[in-house]
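Have a look at the structure below, then the notes.
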2 protein chains.
Amino acid sequence: MTDISPLAPESFPDIPSIPGVQMAAGACGVRYSGKLDVLLVKLAEGTEVAGVFTKSQTAAAPIDWCKQSLSNGKARALVVNSGNANAFNGVAGIASVERTANQASEVVSCASEDVFIASTGVIGEALPDNKITDALSGLSENLGTDWQAAGDAICTTDTYAKGAFRKVKIGETEVTIGGIAKGSGMIAPDMATMLAFVFTDAAIPQSVLQPLLSKSADKSFNSITVDSDTSTSDTVLLFATGQAEHQAIVSAVDAPLQDFKVALDEVMLDLAQQVVRDGEGATKFVEIKVSGAADDKAARTIGLAIANSPLVKTAIAGEDANWGRIVMAVGKSGEKADRDKMGISIGGVEIAATGQAVEGYDEAPVADHMKGQEIDIAVDVGIGQGEATVWTCDLTHGYITINADYRT
Amino acid sequence: MTDISPLAPESFPDIPSIPGVQMAAGACGVRYSGKLDVLLVKLAEGTEVAGVFTKSQTAAAPIDWCKQSLSNGKARALVVNSGNANAFNGVAGIASVERTANQASEVVSCASEDVFIASTGVIGEALPDNKITDALSGLSENLGTDWQAAGDAICTTDTYAKGAFRKVKIGETEVTIGGIAKGSGMIAPDMATMLAFVFTDAAIPQSVLQPLLSKSADKSFNSITVDSDTSTSDTVLLFATGQAEHQAIVSAVDAPLQDFKVALDEVMLDLAQQVVRDGEGATKFVEIKVSGAADDKAARTIGLAIANSPLVKTAIAGEDANWGRIVMAVGKSGEKADRDKMGISIGGVEIAATGQAVEGYDEAPVADHMKGQEIDIAVDVGIGQGEATVWTCDLTHGYITINADYRT
C-alpha cells in the first residue's frame, strides 16, 4: 500500500454496532499474503436487501449472482474478497461463486440464494476460491463489529479504509445506518461504483429499500469519477436487518421515513466522496456544480464531462485555473449549452460570463484557491433549470505511476 | 517546443507543388515571438471546398465562419493562426474573424465569404487579430510552395510538422493530393479533429467532394484519439483547385474517381496517424482492431472506449499486457459484447478466448511486443460482423508534465 492519500479523513469513523449485523475479516492470501482480503458479514433472519450494479457488458461473475439473489429481496450473508475480481473467468468464475455461496450458506445456516458475493481486484485470473471457502468457517466463529477491519478487507489500491454512519429516528425509534466502501481507480460509475455495503437495523421492505437506494446512488456513487473507467465489479448493497422496532414502513413517501432518507443520502455521499478522496494519485478534491442545463440529467452529464477531462484534471494538478479547458469539456459533453451565455466561477470568483472572460477579474484569489486541496468549480451553461453536482480529483504523475505497474 | 516525439516520421515529406495552391507562413507574434504562427494559402479561382468540423457545443468563432462560407462551396483563401484558438471570446471573437477575412479578401482579391479561417491554441483569450491582418499583405507578396513552413505555422504543442501526399490518376491525368495537419493533445475527434488541410488540383465539384471527405474523415480523423478531449476548433478542409485537365466528375461513384478515393483515404489516414504519433507524451503507437461487433459503428465505439481508457493506456505505457483492462473498457463502451465469447490478441498472440484467459499461452512474445513502439491489439466481441480500426497512443508521465503547465 502506498502512502495514505493527502485527502484522506483524519481517521476511520467509530461506527457503532448495528443490531442484526455481525462481521469478521481474515487474511486468506487471495493475492498477497498477510493482507486482510476476505470479509464475512452475517445478517439476521428477515434482513431485506436492495442493490445497484455496474452496467458493464463484461460484468464479473459475482454481479450475475447478486442480481439473481436480489430477486427474492432477502439476505443472510455477504462474502467479499479483494485481490481478484473473478471477472472474465468464464464457467470457472461462475463455479467459484457457487462454491463460495454454498460454503457461506453452510456456515451461517441459510439458503445459498440468500448469500451475496462481491470480488474486487485483478481481472482475468482464476479465483483461488478454496482459500476463501477454507476461511469461512473460522470467520463465522469470530463474528463481531470490527468495521475498520471489514473496510480494510475489501481494499485493493485504496490507501485507507472507508466508512461512514448516521443515527436517525424513524418515528420515535432511533436506527443506525452504517457502511463501508472501497475504490480508488477504475472509478466512473454507471449505476453504482466499485464496492459499497451499507447496513441498517431499520425495518424497511425491499420494495421500499430498492427505490431509496437507486435514487441515493444517483446523487452519490453515480456522481463521482476518478478516471472515467467503469469497473466490471461495481456493486452497492443496502441491507436492512429489521431489528429496530418502529412503526411499519410501506412506502418510500411515508412521513416517518423522511429523516432516514436524508441520513441514507448522507452516508452514501460520505462514502462516495471518500472514494474520490482516495483517487489514485489524487492531491486535490474537486466539486463541480453545473446549473442552467436542459435538465438535471444533462447537468450531470456535463459535470462528468468536465470531471473526466484529462486536460481539466491535469490543469487542476498544475494549480492552473485554465477555464478554457472547462469550456472545451462542456462543449464535448454532447448536451446543450449556449456558448454565448455560459458563465464559470472558480473558488467563488466569476471568471467568465456571457461567453467570454470577465474583464479584469482578480486572478489572485483564484490562484490562491487553486493551491488548496479543495477546489470548487461552478458552471452555468445558459440553457434551462437543470442542476447537478459531481465530484472528482486531479490527474497527477501519481496516477501514471500507480497504473503503469499495478499488475506486474 | 519539447523534444520531437519518438514516434515521429523520419522527415517531413517532399510534397510537390499543386497547381492552384500557393502559400506563405509568417511569424507575427500571436503568442510567442519568433515562432511561425500564421499561414496564408491562396487558391485558384474555381476552387471547390468541402469541410468537416467539431460537433462541440462550444465551438470557436472560426468554426461558425467556415460553416457559413462552406454553403457556397467555393474557396479562394485560407488563413490559419496558431497560439490562440479564438474560442469563447464572445462578440469580440466574431469581430476578429470578420476583420481577418476582410483583410484576406483584399490581399487575394476575392469575396470575404470565399475566405476560410482556422485558429488553434489557448481558449478564452482575446485574439490579437491586428497582428495577423498586418501580416497578410506581406505574406501575399511571398507566396510559394514551402509546405513544411506551412505545417510548422499551424503547430502548437506539436513536436513536428505533419504532411502527406499521394499522386494518383483520374482517367489518364495525374493529380496530386497533399495536406498538412496539426494536433497533439485535446484529440478525440467528433466529426473531425484539430486542424487538417488537404489540397488537390483535381477538378471535383463540392457536391462530390463533401461526401468523399466525410466518409474519409470517419475512417481516419474520426478513428483516432489521444486523450478523449474534443477540441473546440477541430476542422478538416479539402480544397480542389480544378487545375488538372481530366474528364468531368459528376458523382462520387464515377469509375475514374476510384483510385482518387483510395489516395485521399491514404493521405487522410497518414495525417491522422501522424497526429497520434505526436500525442502528448506518447511513447507507443497503438492500433486497435475490433471485430464481431453489432455493426461497424458499434465496433468503432468499442475501439474508442479501449483507446480512451486511462487504465489501458497506462498499462501500455508500463509495457504490461494487462488485457483485463481491455475487457473492462469493452464493458463500459455501452455497446453489446458477449462476455463469454470474447477473444483478445496482443501482438498477434491470442491471450483470451471464449471469455477467459487462454491456458498456458506464451507470455514471452507478448512481453517482447509490449516493449516495442508499435502495439497491435485485436478484440473480437462475439456478437456480429461489425469491424473497425482505431489508433491511439499510451498515457505517460509526459502527458501530465505537458498539461499541468501548458498555459502558465
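The values are calculated or read from the model by the stated rules, or taken from the named source; none is laboratory data. Since this is a predicted model, take the numbers as computed values, not measurements. Backbone-built Cβ (ideal geometry, glycine too); neighbour counts: all protein chains shown.
Every listed requirement among (1) surrounded by fewer than 17 Cβ atoms within 10 Å (Cβ to Cβ); (2) outside any loop (DSSP other than H, G, I, E, B); (3) of a type outside the set (Gly, Ala, Ser); (4) modelled with pLDDT under 90 is met by residue B:403 save one, (1).
Residue by residue, here is whether (1) β-branched (Val, Ile, Thr); (2) modelled with pLDDT of 95 or more; (3) in contact with a Gly (Cβ under 6 Å, 6 or more places away or on another chain) holds:
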{"position": "A:342", "(1), (2), (3)": "no, no, yes"}
{"position": "A:348", "(1), (2), (3)": "no, no, no"}
{"position": "A:354", "(1), (2), (3)": "yes, no, no"}
{"position": "A:358", "(1), (2), (3)": "yes, no, no"}
{"position": "A:366", "(1), (2), (3)": "yes, no, yes"}
{"position": "A:369", "(1), (2), (3)": "no, yes, yes"}
{"position": "A:379", "(1), (2), (3)": "yes, yes, no"}
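Taking the range B:36-80, which residues are within 25 Å of residue B:158 (Cα to Cα), touching an Asp or Glu at 6+ places or on another chain (Cβ under 6 Å) and away from chain A (no Cβ under 14 Å)? B:36 - this is the single residue of the range B:36-80 that is within 25 Å of residue B:158 (Cα to Cα), touching an Asp or Glu at 6+ places or on another chain (Cβ under 6 Å) and away from chain A (no Cβ under 14 Å).
Residue-wise test of (1) modelled with pLDDT of 95 or more; (2) surrounded by fewer than 17 Cβ atoms within 10 Å (Cβ to Cβ).
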position: A:111; (1), (2): yes, yes
position: A:115; (1), (2): yes, no
position: A:119; (1), (2): no, no
position: A:122; (1), (2): no, no
position: A:131; (1), (2): yes, no
position: A:141; (1), (2): yes, yes
position: A:144; (1), (2): yes, yes
position: A:148; (1), (2): yes, no
position: A:154; (1), (2): no, no
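With respect to being in contact with a helix residue (DSSP H, G or I) (Cβ under 6 Å, 6 or more places away or on another chain), outside any helix (DSSP H, G or I) and more than 7 Å from chain A (Cβ to nearest Cβ), residue B:337 falls outside the description.
Within the range B:53-80, residues that are at positive phi and at pLDDT below 95 have Cβ atoms under 7 Å from residues that are of a type outside the set (Asp, Glu) and part of a helix (DSSP H, G or I) in these pairs: B:73/B:206, counting only partners at least 6 apart in sequence or on another chain.
Considering the range B:311-332, and only residues there that are at the interface with chain A (Cβ under 7 Å from one of its Cβ atoms) and part of a loop (DSSP other than H, G, I, E, B), the residue that is surrounded by the most Cβ atoms within 10 Å (Cβ to Cβ) turns out to be B:322.
The criterion of being assigned by TED's automatic domain parsing to the domain that holds residue B:47 and either part of a strand (DSSP E or B) or at pLDDT below 90 (or both) does not hold for residue B:135.
Just one of (1) of a type in the set (A, V, I, L, M, F, W, C); (2) in contact with a Phe, Trp or Tyr (Cβ under 8 Å, 6 or more places away or on another chain); (3) part of a loop (DSSP other than H, G, I, E, B) fails for residue B:126. It is (2).
Scan the range B:352-375 for residues that are within 17 Å of residue B:292 (Cα to Cα) and assigned to a strand (DSSP E or B) and the total you get is 3.
What about residue A:15, is it outside the structural domain of residue A:195 (by TED's automatic domain parsing) and buried (at least 16 other Cβ atoms within 10 Å of the Cβ)? Yes. Checked against the criterion of being touching a strand residue (DSSP E or B) at 6+ places or on another chain (Cβ under 8 Å) and either part of a helix (DSSP H, G or I) or free of Cβ contacts under 8 Å to residues at least 60 places away in the same chain (or both), the range B:277-291 has at least one qualifying residue. Tell me, yes or no, whether the range B:36-50 has at least one residue that is under 25 Å from residue A:382 (Cα atoms), of a type in the set (Lys, Arg) and assigned by TED's automatic domain parsing to the domain that holds residue B:241. The answer is no, given that none of the residues of the range B:36-50 is under 25 Å from residue A:382 (Cα atoms), of a type in the set (Lys, Arg) and assigned by TED's automatic domain parsing to the domain that holds residue B:241. For the range A:260-275, the condition of being closer than 30 Å to residue A:369 by Cβ, of a type in the set (Lys, Arg), assigned by TED's automatic domain parsing to the domain that holds residue A:162 and out of contact with any Asp or Glu (no Cβ under 6 Å at 6 or more places or on another chain) holds for none of the residues.
Okay, residues lined up against (1) crowded, with 24+ Cβ neighbours inside 10 Å; (2) at pLDDT below 95; (3) over 13 Å from the mean Cα position of the chain (by Cα):
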{"site": "B:247", "(1), (2), (3)": "no, yes, yes"}
{"site": "B:254", "(1), (2), (3)": "no, yes, yes"}
{"site": "B:261", "(1), (2), (3)": "no, yes, yes"}
{"site": "B:266", "(1), (2), (3)": "no, yes, no"}
{"site": "B:269", "(1), (2), (3)": "no, yes, no"}
{"site": "B:275", "(1), (2), (3)": "yes, yes, no"}
